[in-house]
1. If you take the charge dipole of region 40-80 about its Cα centre, with +1 on Lys and Arg Cβ and -1 on Asp and Glu Cβ, which of Ala48, Leu73, Ala61 is farthest toward its positive end?
2. Residues with amide H under 5 Å of Trp40's amide H, sequence separation 5 or more or different chain, H placed in the peptide plane at 1.01 Å from N; which?
3. From the list [x] 55; [y] 49; [z] 36, can you say which value of percent of Cα pairs over 22 Å apart was derived from the structure given?
4. Per residue of region 24-39, what does 6.51 cos²θ - 1.76 cosθ + 1.60 with θ = phi - 60° give for ³J(HN,Hα)? Whole Hz please, x for Gly and Pro, Karplus curve as stated.
5. Please determine, in degrees from 0 to 90 and to the nearest 10, the orientation of helix 50-60 with respect to the longest principal axis defined by the Cα atoms of the chain, where the helix direction is its Cα long axis.
6. In nm, to one decimal, how far is the Asp58 label point from the Thr44 one, both placed 7 Å along Cα→Cβ?
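Please treat every number below as a calculation from the coordinates, not as lab data. Note that the coordinates shown come from a computational prediction; the quantities given were computed from them, not determined experimentally. No Cβ is skipped: glycine too gets one built from the backbone with ideal geometry, and neighbour counts run over all protein chains shown.
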Amino acid sequence: MNCGALPLHHPADGPPPLPGEEFARAAATLAGLTGLLFGWTPDTFWAATPAELAALVDAAAGERPAPVDLAGLMEMFPDG
């Protein structure tokens, strides 16, 4: 999901958007998609961090996080 790739404004499209309009449009689209795909309410969407949304999208796409190196972590943090 490439949320940052909004199309560039073309003069033939009329006046450029006002500051914040592109963000508002992108946020409304994402809020709607999270509702449809994940059952999120608007409150859940606005309370979520970008990292939480990204983790959910990655999980839905079947991407797996790197395995945890438990032995390495125990060596780095021997006090537990």
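1. Value: Ala61.
2. It is Gly35, by chain and number.
3. Step by step, percent of Cα pairs over 22 Å apart for this structure corresponds to label [y].
4. 4, 5, 5, 5, 5, 5, 4, 4, x, 5, 5, x, 5, 7, 10, x
5. 80 degrees
6. Once both label points are built, they end up 2.0 nm from each other.
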